[in-house]
Amino acid sequence: MPSRTVPGLTVTEDLPPLDLARPEIGPEEERLVLEVLRSGRLSLGPVLERFERDFAEWLGVDDAVAVSSGTAGLHLGVRALGWQAGDEVVLSPFTFVASANCLLYEGVKPVFADIDPVSLNLDPSAAEAAITGATVGLLPIDIFGQPAELPAFERIAGSRGLGILEDSCQALGAIDSEGRKVGSRGNVSTFAFYANKQMTTGEGGIVIPTDAGMAEVLRSERNQGRAIDMDWLDHDRLGFNYRMSDVTAAIGVAQLGRLDELLAGRARVAGLYLDRLAGVEGLELPAPDQPPAKRSWFVFPVRLPEGCDRDGVIRKLGEQGIPAKAYLPSIHLFPHLAELGYREGQFPVAESVAARSLALPFHAGLSEGDIDRVASALAEALGSGA
């Protein structure tokens with residue numbers, strides 16, 4: 001177990017390893033899950049409907065369709081927009097791979113464009129330059145909870161006749177540059193509730209439809225293509241097993257009820273990191289908010305200095321019980337995407353950020369002492385030339 005020498009003393013204090021991420025689960029989550037288990041209605045039941053209603057009310061939209069994951073939500077969003085084989089959609093390469101995979105599922109080509117060096121989101125100018133005659137849409141991603149510049153993308157889409165699919169899977173609770181909740185602008189949008197997200201259902205996601213007709217199709221496609229009014233084994237379209245169970249939805253109901261608390265806890269930890277790491281030479285911290293825009297803290301990513309041995313830093317932190325991850329890669333270099341013709345050097349900003357980005361332990365349960373410990377260890381690792 002790692003130890004810490006206390007300044008001025010000759011004793012050491014044993015320190016347990018930290019968690020990289022951890023969900024905040026309390027008694028209300030446990031109570032509602034147990035209630036569902038005892039009800040005998042574990043799927044397609046009233047708790048799922050309640051979660052969808054509660055989420056739509058919180059976001060300020062007409063409807064929300066819960067699914068099994070954020071990836072499932074993105075896939076159904078692609079289908080809802082009618083994007084199909086031979087089409088092209090523009091997005092950032094600095095993202096989780098599901099943002100591109102959801103296009104490939106339908107034979108749509110992901111067309112990457114570089115990112116803004118400050119927000120780390122898709123650069124609207126680069127996105128517009130990547131549009132071709134085959135382009136049917138834009139897929140902006142709110143990376144690390146930083147809201148993408150949706151007004152700019154909407155102007156581009158409106159002038160070019162393109163659709164928009166918002167990947168807000170990392171940004172629940174973020175506020176955009178016009179003061180609106182991310183995902184509430186009237187585009188098809190998606191959120192995810194994996195265990196490291198701002199709120200969790202364990203696994204799960206949700207899609208925000210543009211109208212009631214789209215919502216009906218989404219509910220059918222998540223349930224093997226069966227319409228709500230059809231018999232058990234009747235199906236009238238291609239569908240998938242993308243259902244969210246009532247057990248999962250029960251966690252969501254409880255988490256949504258304390259979302260302000262969950263977001264505030266993460267913001268507290270982020271604030272401590274920003275304070276403690278401000279003086280570490282060469283370290284780049286997340287960009288400050290530009291009101292009314294406001295980040296929703298998903299992870300706490302830092303960028304190491306150019307030429308720094310990131311693997312060495314990760315190793316030195318690990319030796320002190322502090323997990324850290326290279327996060328995120330630039331996905332255009334993954335083999336199945338490189339096969340589309342992408343190569344190193346095409347997106348220099350994204351590639352530079354991906355080579356230097358490091359995710360530190362981040363969850364609301366971290367104490368001030370934990371943050372001090374991480375900051376001290378990181379400064380030491382960088383100072384040693386790791």
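The values are calculated or read from the model by the stated rules, or taken from the named source; none is laboratory data. Because the structure is predicted, anything quoted here is derived from the model rather than measured. Because the Cβ atoms are built from the backbone with ideal geometry, glycine has one as well, and the counts that use them run over all protein chains shown.
General remarks:
- Verdict on residue 252 being in the same structural domain as residue 39 (by TED's automatic domain parsing), touching a residue at least 40 places away in the same chain (Cβ under 8 Å), farther than 30 Å from residue 372 by Cβ and not polar (S, T, N, Q): yes
- Matching residues, segment 353-370, being buried (at least 16 other Cβ atoms within 10 Å of the Cβ) and in a helix (DSSP H, G or I): 353, 354, 355, 356, 370
- Counting only residues that are in contact (Cβ under 8 Å) with a residue 40 or more places away in the chain and assigned to a helix (DSSP H, G or I), segment 290-323 holds 8 of them.
- For the residues 158, 225, the requirement of being within 22 Å of residue 108 (Cα to Cα), in a loop (DSSP other than H, G, I, E, B) and among the small types (Gly, Ala, Ser) singles out 225.
- Filter result (assigned to a helix (DSSP H, G or I) and surrounded by fewer than 21 Cβ atoms within 10 Å (Cβ to Cβ)) within segment 29-51: 30, 31, 34, 35, 37, 38, 39, 46, 49, 50
- Complete set of residues in segment 280-301 that are among the hydrophobic types (A, V, I, L, M, F, W, C) and surrounded by 22 or more Cβ atoms within 10 Å (Cβ to Cβ): 297, 298, 299, 300
- Residue within segment 151-167 that is modelled with pLDDT of 95 or more and more than 23 Å from residue 80 (Cα to Cα) present: no
- In segment 221-272, the residues that are over 20 Å from the mean Cα position of the chain (by Cα), among the aromatic types (Phe, Trp, Tyr) and at pLDDT 95 or above: 240
- Test result for residue 220, buried (at least 18 other Cβ atoms within 10 Å of the Cβ) and in contact with a strand residue (DSSP E or B) (Cβ under 7 Å, 6 or more places away or on another chain): no
- Scope segment 270-326; condition touching a helix residue (DSSP H, G or I) at 6+ places or on another chain (Cβ under 7 Å), closer than 30 Å to residue 183 by Cβ and charged (D, E, K, R); matching residues: 295, 303
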